[in-house]
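Here's the structure we're looking at; comments come further down.
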Amino acid sequence: MSKDDTNLSRRDFIKRLGMSTASAAIFLSIGSLSSFGSEKNNLKKNPSTTSSNSGSMTYRVNRHTGDKVSLLGYGMMRLPSKDGVVDQEMVNKEVDYAIAHGINYFDTAPVYCGGKSEIYTGIALHRHPRNSYYVATKMSDKGDHSLEAGKRMFEQSLKNLQVDYIDYYLLHAVGNGGLERLNERFIDNGLLDYLCQERDKGRIKNLGFSYHGDVRVFDWLLDHNDKYKFTFVQIEMNYIDWRHASLNKGGWKQDADAEYLYNKCEKVGVQNVVMEPLLGGRLANIPEKYRKQLQEVRPDATPASWAFRWVGSHSNILTTLSGMTTMNVLVENVNTFSPLDPCTKSENELLEKIADGMSGMPVVPCTACNYCMPCPYGVNIPGNFAYYNKSINEGTFPDKTAKDYKERLSNFIDGYKKTFKEEAWAIQCMDCEACMPKCPQQIRIPNQLSRIVELTREGL
Ligand code: SF4
Ligand code: SF4
């Protein structure tokens with residue numbers, strides 16, 4: 001596909017899809033959950049079917065396959081655990097609740113949960129009919145970029161998930177390392193061609209990629225979509241990253257805002273799966289002054305539900321991933337999407353103002369994914385960043401210009417000592433940089449830890 005081909009007008013885009021504007025912005029909601037499998041098949045025949053029942057999950061239609069996908073997807077990166085070990089019984093319970101309440105998209109990867117997420121997910125899902133769920137997994141980067149290693153990873157995923165085909169298969173985290181890494185991981189070794197062949201055989205139903213980092217990689221893949229025929233792209237999207245992702249993120253420049261990524265996918269005719277709708281939890285815990293502004297409009301709505309509604313209001317979104325490790329969060333999120341109440345124009349404007357305000361705050365854009373762990377020197381990297389960000393979000397940060405700076409600093413340090421054992425402190429960082437290539441947010445981790453070192457230096 002040439003660059004020019006990607007600059008379709010909206011009318012051309014709709015024409016290319018062979019559908020009306022209304023069906024391009026389809027909202028779907030169904031009532032019967034137990035009969036979902038047969039509804040899924042019916043919908044394949046009539047992908048523009050719509051209905052909206054109060055209390056029922058909202059669905060979107062995959063324009064390429066007719067899959068009817070729940071707008072809320074289940075992210076299996078973090079799973080409920082007891083004493084540091086994943087609690088399979090709880091995973092099963094939560095998956096059962098999710099399926100019973102209309103969630104049918106489950107996203108995992110070979111590297112999640114210390115390499116075991118696929119196995120836990122497979123055990124939980126295998127107890128349900130195969131046509132009652134869509135499972136997504138990925139070709140992760142485990143260091144060995146040979147074709148043989150890629151083939152082994154794909155076969156292992158099928159085994160772990162106890163399935164003979166994958167509904168949604170992604171090239172995991174392309175963008176990190178730029179075009180050079182993309183070539184090494186997927187192009188020069190023939191791995192992407194191999195995955196296309198597996199799709200031709202029906203062992204992959206939809207091929208896509210998840211993107212972080214260097215936007216040239218994102219552009220290159222979509223500019224070659226006539227060849228690779230990706231049907232979905234997973235992007236980080238929330239009301240802050242919409243226009244502020246390309247601002248300085250923790251010392252490294254993030255190339256593209258979500259607005260650009262989303263619009264380009266829409267032009268090319270590829271739907272989006274959304275990751276980080278809450279920006280690593282930040283949007284569930286926004287500063288008090290912004291929380292109050294939201295409460296004035298919707299007194300009972302949580303900040304998280306606002307963030308989900310904002311994402312779900314975009315018609316090109318196929319599903320929105322949320323890691324729901326507790327039943328309470330799962331129930332709340334199911335309610336938000338059953339059915340989704342799209343944001344109004346004035347609500348969007350309010351969120352835009354809040355995004356402008358929050359993006360000026362110097363938080364570290366850590367999403368607590370844990371990819372950088374363990375640190376060989378024992379530093380609790382995501383824990384340190386979460387502690388630091390919390391103090392900013394709660395308005396207790398020891399800002400030198402604050403009148404009560406000394407008191408704030410002393411509270412910050414006291415809380416820090418209570419939260420972390422000494423070996424996990426930021427000051428233990430030896431700048432070895434082992435963590436940096438693992439961070440999908442491209443955070444210069446030692447630099448950012450030094451913010452905390454600076455604050456705690458004299459009080460520890
Ligand atoms: S740079 Fe610091 S935090 Fe990162 S792995 Fe090395 S010691 Fe740990
Ligand atoms: S620092 Fe990066 S890799 Fe580590 S938990 Fe945060 S986002 Fe994930």
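The values are calculated or read from the model by the stated rules, or taken from the named source; none is laboratory data. Note that the coordinates shown come from a computational prediction; the quantities given were computed from them, not determined experimentally. Cβ atoms come from the backbone with ideal geometry, glycine included; neighbour counts cover every protein chain shown.
Could you tell me which numbered condition Glu422 fails, if it satisfies all but one of (1) over 26 Å from Gly177 (Cα atoms); (2) buried (at least 16 other Cβ atoms within 10 Å of the Cβ)?
Result: Glu422 fails condition (2) only.
Asp399 fails exactly one of the following numbered conditions: (1) assigned by TED's automatic domain parsing to the domain that holds Ser81; (2) away from ligand 2 (no atom under 16 Å from the Cβ). What is the number of that condition?
Tallying (1) assigned by TED's automatic domain parsing to the domain that holds Ser81; (2) away from ligand 2 (no atom under 16 Å from the Cβ), Asp399 fails exactly one: (1).
So in the stretch 283-327, with the set limited to residues that are under 19 Å from the mean Cα position of the chain (by Cα) and free of Cβ contacts under 8 Å to residues at least 40 places away in the same chain, which one is farthest from Lys93 (Cα to Cα)?
Ser313
Is there any pair with a first residue in the stretch 113-130 that is more than 16 Å from Leu158 (Cβ to Cβ) and a second that is in a helix (DSSP H, G or I) and acidic (Asp, Glu) whose Cβ atoms are under 6 Å apart and which are 6 or more apart or on different chains, and what are they?
none
Hey, any hits in the stretch 339-357 for a residue that's part of a loop (DSSP other than H, G, I, E, B) and of a type in the set (Asp, Glu)?
Within the stretch 339-357, one or more residues are part of a loop (DSSP other than H, G, I, E, B) and of a type in the set (Asp, Glu).
Write out, first by first residue and then by second, each pair whose Cβ atoms fall under 8 Å of each other, whose residues are 6+ apart or on separate chains, and whose first residue, in the stretch 429-446, is more than 7 Å from ligand 2 (Cβ to nearest atom) while the second is of a type in the set (Ser, Thr, Tyr).
Pairs that qualify, where the first residue is more than 7 Å from ligand 2 (Cβ to nearest atom) and the partner is of a type in the set (Ser, Thr, Tyr), are Cys429/Tyr377; Cys429/Ser450; Met430/Tyr377; Cys432/Tyr377.
State which residue is farthest from the chain's Cα centre (by Cα) when the search covers only the stretch 337-361 and only residues that are among the hydroxyl-bearing types (Ser, Thr, Tyr) and under 26 Å from Gly73 (Cα atoms).
The selected residue is Thr344.
Can you work out which of the residues in the stretch 396-455 that are touching a Leu at 6+ places or on another chain (Cβ under 6 Å) and within 13 Å of ligand 1 (Cβ to nearest atom) is nearest to Cys366 (Cα to Cα)?
Here the answer is Ala426.
Which of the residues spanning the stretch 366-395 are away from ligand 1 (no atom under 16 Å from the Cβ) and not hydroxyl-bearing (Ser, Thr, Tyr)?
Passing the criteria: Asn389, Lys390, Ile392, Asn393, Glu394, Gly395.
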